[in-house]
Amino acid sequence: MTNSNFIKIYTGNFIIVQRIINELKKININAIVKDQTESARLAGFGGGIIPGFQEIFVNNDELDEAVEIIERINVDLKA
């Protein structure tokens, strides 16, 4: 995703990614989820480097709010 207005904010497993996406939707941030393993599988190629891991991208304008969500979820997960 080069030369775009989107920036990667998180890479992790499906479950945590879904939690982050749900929290972002609550504050009207529409993120993009990229799953290279699934894309490769659907195209008929081998899996990605780390199966089950996904990347979350958000618009640069929404970066600060999205990072706050991720930091809060990380604190919750460590508790």
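Summary of values
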{"item": "LEU77 vs. criteria within 22 Å of PHE6 (Cα to Cα), open to solvent by 40 Å² or more (accessible area, probe 1.4 Å) and either modelled with pLDDT of 85 or more or part of a loop (DSSP other than H, G, I, E, B) (or both)", "result": "no"}
{"item": "Only listed residue being part of a strand (DSSP E or B) and at pLDDT below 95, chosen from GLY12, GLY47", "result": "GLY12"}
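The values are calculated or read from the model by the stated rules, or taken from the named source; none is laboratory data. On a predicted model such as this, the values are computed, not experimentally measured, just so you know. These area figures cover heavy atoms from the full protein model, side chains too; ligands, DNA and RNA do not enter into them. Shrake-Rupley method; radii C 1.70, N 1.55, O 1.52, S 1.80 Å.
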